[in-house]
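Undergrad: Below: one structure in C-alpha cells.
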Amino acid sequence: MKASDLLVRCLEKEGVTHIFGVPGEENADFMMSLRGSPIRFVLTRHEQGAAFMAEVYGRLTGNPAACLGTLGPGATNLITGVGDANMDRCPLLVITGQGATKRQHKESHQVMDVVEMFRPVTKWAIDIRHPDTIPEIVRKSVRLARSEKPGAVLIELAEDIAKRDTEAVPMEPRRFRRPLAGERVLDSAFEMLKAAKRPIIIAGNGAIRRRATKQLRLLCEATGIGVLNTFMAKGAVGRDADYCLFTVGLQQKDYAVHAIDEADLVITVGYDLVEYAPRLWNPTRSKQVIDIDFLPAEIDADYHPEVEVVGDIAYSLRMLRARFEKQGVPDYDFSGQRKWRNRMIEDMAAHKDDDTEGAIRPQKVLWDIREVLGPWDILLSGVGAHKMWTARYYPADRPNTCLIPNGFCSMGLPLPGAIAAHLVHPDRKIMGLAGDGDFMMNVQEMETARRLNADITMVVWEDGGYGLIAWKQDNEFGTHTDLSFGNPDWLALAKAFGWEGEYVRKSTDLKAALQRAVAHKGPSLVVVPIDYRENPLLTKRLGQIGVTI
C-alpha cells in the first residue's frame, strides 16, 4: 500500500474514530485513503474549530481524536487549539501536510518548519521521512498522547512521502500499567494525615480520571476531609456531598482560599500549577503539603511538598483509605470547612428568584442553567468574565460535565467543543456558554453544527465588549481602555445558519427559554443581555470576607 494508506490503517488499529479538519492539496492522498475507512472525517469551517473539537473529544473519552490541516496557514490555524489541548492535558493527534521533500530545503510556496513551530505546544512533534517508519511513529504518538500527563502530538506527512509505496504493517497496540507509589511513601503521607487536625484536599485536573474520581470520593466518605476542586476538576466530588467545598481558582481571596488558610495540611490530588498558582494559596510558604499525582511535582518556590506520592492516583488514594480503615480516622475538626461550604451554598442561591428586565445577573443565569441540566449533562465554558462566574457559581455532580479551559485559556472553545461533546454523548444535553466576544471567534462553526444536526444549545452572554479585561483593568487602574464592540442581529444570525434562536430580556423568562432550547432537536441559540455591573460588586464582596479559625 502507499504511505497514506498505511497511516490510516495505523490510526484505525489505535482506535482513532474521528478526525476533524480542513484538508488542502498536500493532504489529498491522505483524504483519499480515508475513503472507506471506519474513521469519521468531520469537515470544519476553520482549523481552530477542528482542534477544539478534537480536544474536547479527547477530554471526554480519554482517547485521542485527530485534527487535520494542510501545510502553512492550515497548520498555523491549528496551533491555538492544539496548545489549549496540550496544556489542559487532553490526548490529541495533529496531522498536517507538507510540501514535497525536494523543496523543503529552500524558499518555497507555503513551506514553513511546522514541526519546530509545534514543539512548544505538543509533547512530541515529528515529520515522516520514510513510509516504513509510520507504524512506529503512530504507535509512539498515541502512547505519548494518552500517557500521563496526556497531551498533543504532531505527525507531519509530506505530499511526496504520502505517495510512496511501503510493505510495512501497523503495530499491535499494547497498553502498560501505570507505576504505583511505594509503601514507604504512602506510610509517610498517612503519618502526616494522622497528625493533622484540619486537613483539606485540592483536587486538580488529574483527579477527574474515572478511577481517581471514584477513589477520591471513597476516601472522603471514609474520612470527611473536605475537597476544593480547581476549574478543570469540577465534579471530582458531587455538589451534594458534605465534603464538597466547591471551586478554588479566582484571583481574589474567596471562601475556598480561606478554607485553605484554616487548614494545617493540604493534600493536592492531580494538581496542575498552571491552573492556580501556589502563591495565591500558599503565599507565606508555610503550608504542609502532600502531593499525590501521576508524575513528580513541578518545581515552584511556593509549592515544595513535604511528601510526594508519585504513581497511579487511584491506587494511592485507595491505599490511604485502607490505612484509615485499619487504624481509624483521627478526630478532625471540620467545623470551619462546613461553615465555608454553607456560605458558598447561600451565595449561589442568593439571586435564584431575581425578577429583572433588560439585563440579567450572571448568578441567575447559572442557577437556571444548573436547574435545566441533569447530573450527566455537559456544560462547556469559554474564556472571559463568564468563565469566572461559571467556575464559582456552577457546581457539577460528575467529572467532565463542566469543561472550563484553564491552562492555556484560549477563547473560542464552547461552540466547536459542544459539537464534539454531542458526537461523544448524543444522548445527553449539551450546552455551551460563551461571552459575545468568545462566541464570535468561532462563529463559523454554526454551519458545521447545522450540517451535522448537532443537538446542542449555545448560551451567549451579551455585553458588547471584552468584559473580563475591563474587570481586571478597573480593579488595577480604576478605569479601563476602550474594549467595546458591536454585535450581529442574533436572531437573524441564528436564522441564517438554520438554528433556533431566542433573545431573553427578563430573568423570569430565562428558565423556560433554556428548557425550550434543550428540548429542540438540533442547534439552538439563547442570547442573554448580561448584567456585568455584578463584576465589581463581586470583587468588593470577596475583599470583605473575614477569616476566623
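The values are calculated or read from the model by the stated rules, or taken from the named source; none is laboratory data. Computed from a predicted structure; not experimentally measured. Positions of Cβ are generated from backbone atoms using ideal geometry, with glycine treated the same way; all protein chains shown enter the neighbour counts.
This table checks each residue for (1) within 21 Å of CYS402 (Cβ to Cβ); (2) over 28 Å from the mean Cα position of the chain (by Cα).
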residue: VAL266; (1), (2): no, no
residue: HIS304; (1), (2): no, no
residue: ILE313; (1), (2): yes, no
residue: ARG321; (1), (2): no, yes
residue: GLY336; (1), (2): no, yes
residue: ASP353; (1), (2): no, yes
residue: GLU371; (1), (2): yes, no
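Undergrad: Would you check which residues across the range 247-261 are touching a Phe, Trp or Tyr at 6+ places or on another chain (Cβ under 8 Å) and of a type in the set (A, V, I, L, M, F, W, C) and list them?
TA: Once the filter is applied, which keeps residues that are touching a Phe, Trp or Tyr at 6+ places or on another chain (Cβ under 8 Å) and of a type in the set (A, V, I, L, M, F, W, C), the range 247-261 yields VAL248, ALA256, VAL257, ALA259, ILE260.
Undergrad: Right, another one. Which numbered condition trips up ARG361, out of (1) within 25 Å of LYS214 (Cα to Cα); (2) buried (at least 18 other Cβ atoms within 10 Å of the Cβ)?
TA: (1)
Undergrad: Related question: For residues that are more than 16 Å from GLU308 (Cα to Cα) and not aromatic (Phe, Trp, Tyr), scanning just the range 262-277, find the one that is surrounded by the most Cβ atoms within 10 Å (Cβ to Cβ). Talk me through it step by step, then tell me what you get.
TA: Narrowing the range 262-277 to residues more than 16 Å from GLU308 (Cα to Cα): 262-264, 274-277.
Of the ones still in play, those that are also not aromatic (Phe, Trp, Tyr) are 262-264, 274-275, 277.
Values: GLU262: 18, ALA263: 25, ASP264: 15, VAL274: 18, GLU275: 21, ALA277: 14.
For the range 262-277, the residue satisfying everything is ALA263.
Undergrad: Among the residues of the range 113-125, is any surrounded by fewer than 22 Cβ atoms within 10 Å (Cβ to Cβ) and under 22 Å from ARG174 (Cβ atoms)?
TA: Yes, that holds for at least one residue.
Undergrad: Let me ask you something else. Of all residues in the range 79-106 being in a helix (DSSP H, G or I) and surrounded by fewer than 24 Cβ atoms within 10 Å (Cβ to Cβ), which is nearest to the chain's Cα centre (by Cα)?
TA: Start the filter on the range 79-106 by keeping residues that are in a helix (DSSP H, G or I), which leaves 79-87, 101-103.
Filter once more, so that each one left must be surrounded by fewer than 24 Cβ atoms within 10 Å (Cβ to Cβ): 79-80, 83, 87, 101-103.
On the way: ILE79: 16, THR80: 14, GLY83: 12, MET87: 9, THR101: 37, LYS102: 40, ARG103: 39 Å.
Among those residues, the one meeting the criterion is MET87.
Undergrad: Conditions: (1) of a type in the set (D, E, K, R); (2) within 30 Å of MET232 (Cβ to Cβ); (3) touching a residue at least 40 places away in the same chain (Cβ under 8 Å). GLU47 meets all but one. Number of the miss?
TA: Single failed check for GLU47: (3).
Undergrad: Please go through (1) within 15 Å of VAL94 (Cβ to Cβ); (2) of a type in the set (A, V, I, L, M); (3) without any contact (Cβ under 8 Å) to a residue 60 or more places away in the chain for MET31 and return the number of the only condition it doesn't satisfy.
TA: It fails just one condition, (1).
Undergrad: Just name the residue that is farthest from ILE313 (Cα to Cα) out of those in the range 105-132 that are in contact (Cβ under 8 Å) with a residue 24 or more places away in the chain and polar (S, T, N, Q).
TA: Ranking the qualifying residues of the range 105-132, first place goes to GLN110.
Undergrad: OK, next. Quick one: which helices (runs of 4 or more DSSP H) sit completely within the range 311-384 and have at least 3 residues that are in the same structural domain as PRO399 (by TED's automatic domain parsing) and over 24 Å from ARG217 (Cα atoms)?
TA: On the way: elements: 313-327, 335-349, 362-372.
It comes to 362-372.
Undergrad: Which one of these is surrounded by fewer than 21 Cβ atoms within 10 Å (Cβ to Cβ) and touching a Pro at 6+ places or on another chain (Cβ under 7 Å): ASP291, ASP242, ASP300? Explain how you work it out, then say what you get.
TA: Working: ASP291 fails: surrounded by fewer than 21 Cβ atoms within 10 Å (Cβ to Cβ); ASP242 fails: touching a Pro at 6+ places or on another chain (Cβ under 7 Å).
Only one candidate qualifies: ASP300.
Undergrad: Could you check, for the range 376-393, whether at least one of its residues is in contact with a Gly (Cβ under 6 Å, 6 or more places away or on another chain), within 21 Å of PRO523 (Cα to Cα) and among the β-branched types (Val, Ile, Thr)?
TA: Scanning the range 376-393 turns up no residue that is in contact with a Gly (Cβ under 6 Å, 6 or more places away or on another chain), within 21 Å of PRO523 (Cα to Cα) and among the β-branched types (Val, Ile, Thr).
Undergrad: Check whether at least one residue in the range 412-422 is assigned to a loop (DSSP other than H, G, I, E, B) and buried (at least 22 other Cβ atoms within 10 Å of the Cβ), and report yes or no. Full working, then the answer.
TA: Of the residues in the range 412-422, the ones assigned to a loop (DSSP other than H, G, I, E, B) are 412-413.
Subsequent filtering for residues that are buried (at least 22 other Cβ atoms within 10 Å of the Cβ) retains 412-413.
Checked the range 412-422: at least one residue is assigned to a loop (DSSP other than H, G, I, E, B) and buried (at least 22 other Cβ atoms within 10 Å of the Cβ).
Undergrad: Right, here's the next one. Please state which of the following conditions GLY437 fails to meet, knowing it meets all the rest: (1) surrounded by 24 or more Cβ atoms within 10 Å (Cβ to Cβ); (2) in a loop (DSSP other than H, G, I, E, B); (3) of a type in the set (Gly, Ala, Ser).
TA: Result: GLY437 passes all but (2).
Undergrad: Further question on the same structure: On the given criteria, is ASN400 of a type in the set (S, T, N, Q), part of a loop (DSSP other than H, G, I, E, B) and at pLDDT 95 or above?
TA: On the way: of a type in the set (S, T, N, Q): yes; part of a loop (DSSP other than H, G, I, E, B): yes; at pLDDT 95 or above: yes.
So ASN400 passes the test.
Undergrad: Are there helices (runs of 4 or more DSSP H) fully within the range 156-226 with at least 1 residues that are at pLDDT 95 or above, within 27 Å of the chain's Cα centre (by Cα) and farther than 24 Å from PRO278 by Cα? List them.
TA: Values: elements: 159-163, 183-195, 210-223.
Because the criterion is at least 1 residues that are at pLDDT 95 or above, within 27 Å of the chain's Cα centre (by Cα) and farther than 24 Å from PRO278 by Cα, the helices (runs of 4 or more DSSP H) in the range 156-226 that meet it are 210-223.
Undergrad: Also, I was wondering about something else. Looking only at the range 54-65, decide whether some residue is of a type in the set (S, T, N, Q), on the phi > 0 side of the Ramachandran plot and not assigned by TED's automatic domain parsing to the domain that holds LEU452. Even if it seems obvious, please write down each step before you answer.
TA: Of the range 54-65, the ones of a type in the set (S, T, N, Q) are 61, 63.
Those still in the list that are on the phi > 0 side of the Ramachandran plot too: none.
Within the range 54-65, none of the residues are of a type in the set (S, T, N, Q), on the phi > 0 side of the Ramachandran plot and not assigned by TED's automatic domain parsing to the domain that holds LEU452.
Undergrad: Residues ASP455, ASP438: which one is under 20 Å from ILE530 (Cα atoms), among the acidic types (Asp, Glu) and either modelled with pLDDT of 95 or more or out of contact with any His (no Cβ under 7 Å at 6 or more places or on another chain) (or both)?
TA: Working: ASP455 fails: under 20 Å from ILE530 (Cα atoms).
Going through ASP455, ASP438 in turn, the sole match is ASP438.
Undergrad: Is it the case that the range 262-272 has a residue that's in contact with a Phe, Trp or Tyr (Cβ under 9 Å, 6 or more places away or on another chain), touching a residue at least 40 places away in the same chain (Cβ under 8 Å), at positive phi and in the same structural domain as MET319 (by TED's automatic domain parsing)?
TA: Step one: of the range 262-272, the residues in contact with a Phe, Trp or Tyr (Cβ under 9 Å, 6 or more places away or on another chain) are 262, 266, 268, 270-271.
Retained after the next criterion (residues that are touching a residue at least 40 places away in the same chain (Cβ under 8 Å)): 262, 266, 268, 270-271.
Narrowing the set further to residues that are at positive phi leaves 270.
Among the residues that remain, those that are also in the same structural domain as MET319 (by TED's automatic domain parsing) are: 270.
Within the range 262-272 (the criterion being in contact with a Phe, Trp or Tyr (Cβ under 9 Å, 6 or more places away or on another chain), touching a residue at least 40 places away in the same chain (Cβ under 8 Å), at positive phi and in the same structural domain as MET319 (by TED's automatic domain parsing)), the answer is yes, since at least one residue qualifies.
Undergrad: Okay, moving on. Within the group ASN487, ASN475, which residue is within 30 Å of GLU262 (Cα to Cα) and surrounded by fewer than 20 Cβ atoms within 10 Å (Cβ to Cβ)? Walk me through it before giving the result.
TA: Numbers: ASN487 fails: within 30 Å of GLU262 (Cα to Cα).
Checking each option against the conditions leaves just ASN475.
Undergrad: Same structure again: Looking at PRO536, PRO523, PRO529, which is the one that is in the same structural domain as PRO416 (by TED's automatic domain parsing), in contact with a Lys or Arg (Cβ under 7 Å, 6 or more places away or on another chain) and surrounded by fewer than 20 Cβ atoms within 10 Å (Cβ to Cβ)?
TA: PRO529
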